[in-house]
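Written out below as structure tokens is the structure these notes cover.
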Amino acid sequence: MSIQDNIARVQERVAAACRRAGRGVEDVRLIAVSKTFPAECIREAYAAGLREFGENRVQEAAAKVPVLADLNITWHLIGRLQTNKARRAGELFQWVHSIDSEALAGRLNQTRADDGGRFTVLLQVNLGDEESKSGIDEREVLKTAEAVGQFSQLDVRGLMAIPPFCKNPEDARPFFRRLRELGGKIRAARVPNVSMQHLSMGMSHDFEVAIEEGATMIRVGTAIFGVR
Ligand SMILES: *Cc1c(COP(=O)(O)O)cnc(C)c1O
């Protein structure tokens with residue numbers, strides 16, 4: 001199967017999940033996760049119509065983003081970001097899904113304070129997964145949203161989560177639901193400069209369930225580019 005065929009197949013799955021959930025396909029943005037795959041694969045996916053790509057490491061993105069500068073791509077950082085790489089990340093990406101602290105948000109904010117540009121961020125939530133430990137503790141998310149909302153160059157637009165791996169995607173449903181409910185709570189708190197319009201959740205094996213639970217951005221790697 002070519003990348004083009006894979007994308008068509010993913011788009012069919014997205015459409016079917018949207019139908020089941022009574023949602024429009026335009027409400028779900030497909031982020032093609034291109035980590036470990038070379039720039040040529042990204043060009044292929046771009047030729048098939050995709051415009052949003054996700055990378056999980058700043059260093060890897062630094063090698064690919066410049067050689068693809070002729071394309072109209074929106075780049076999403078979906079992996080953990082160290083504060084000492086915030087400046088470089090600010091140069092390469094338009095979105096960061098993995099904001100897990102006020103300190104990191106502050107560093108990103110600084111990178112844009114110089115040029116007056118803006119940056120869109122999501123808060124990554126740790127949904128009680130003991131193993132990964134990345135993301136903000138569920139009980140701290142509102143407090144972090146209030147703090148990050150104060151940074152002048154950042155637009156907080158929603159939440160992101162990586163639930164623990166579940167062999168059966170149905171088992172991930174309670175996690176996706178919890179992220180949606182958490183987004184609702186924060187929305188109700190009306191935090192200045194914080195909107196909860198996006199939920200970044202769902203990967204190759206479970207994005208249908210995520211869409212049924214309200215995902216507005218799904219991050220899909222394997223189902224588009226193949227096994228890493
Ligand atoms: C790699 C990765 C994905 C994509 O995973 P697939 O199972 O290949 O679709 C999504 N989100 C994050 C944060 C990732 O690191």
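No lab work stands behind these numbers, since they all come straight from the coordinates. No experiment lies behind these values; they were computed from the predicted model shown. Don't worry about glycine lacking a Cβ; one is built from the backbone with ideal geometry, like all the others, and counts go over all protein chains shown.
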Report task. Treat each spin label as a single point 7 Å out from the Cα along the C-beta direction, and report the Ser2 to Asn72 distance in nm. Result -> 2.3
**Report entry** Neighbour net charge for Ile224 - beta-carbon separation under 12 angstrom, K R +1, D E -1
**Finding:** +2
Query raised in the report: Can you work out the FRET efficiency for the pair Arg190 and Ala103, with r the C-beta to C-beta distance and R0 = 25 Å, to the nearest 0.05?
Result: 0.50
Query - Helical contribution to [θ] at 222 nm, DSSP H n ≥ 4, -39,500 (n - 2.57), averaged over the chain, rounded to 500 - result: -11000 deg cm²/dmol
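Based on the mean of other Cβ atoms within 10 Å per residue, sort peptides 169-176, 137-144, 93-100 so the most packed one is first. Write out the running numbers ahead of the final one.
Numbers: 169-176: 18.2, 137-144: 15.9, 93-100: 23.2.
The most tightly packed comes first, giving 93-100, 169-176, 137-144.
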**Report entry** Formal net charge of residues neighbouring Leu50 (Cβ-Cβ distance under 13 Å; K, R +1; D, E -1)
**Finding:** +2
Report summary line: Using alpha-carbon positions, the gyration tensor of region 95-228 gives root eigenvalues a ≥ b ≥ c; with a/c under 1.5 called rounded, otherwise prolate if a/b exceeds b/c, else oblate, the class is prolate
Requested in this report: If a/c stays under 1.5 just call it rounded; otherwise compare a/b with b/c (prolate if a/b is bigger, oblate if not). Do that for region 1-50, with a ≥ b ≥ c from the square roots of the Cα gyration tensor eigenvalues.
Outcome: prolate
**Report entry** Global geometry of the chain, whether rounded, prolate or oblate, following the gyration tensor of its Cα atoms and the 1.5 cut on a/c
**Finding:** oblate
Report task. Could you tally the net charge around Ile3, taking each other residue with its Cβ under 12 Å from the Cβ of Ile3, Lys/Arg +1 and Asp/Glu -1? Result -> -1
Query raised in the report: Taking springs between alpha-carbon atoms closer than 10 angstrom, which of Asn109, Asn56, Asn72 fluctuates most in the Gaussian network model of the chain?
Result: Asn72
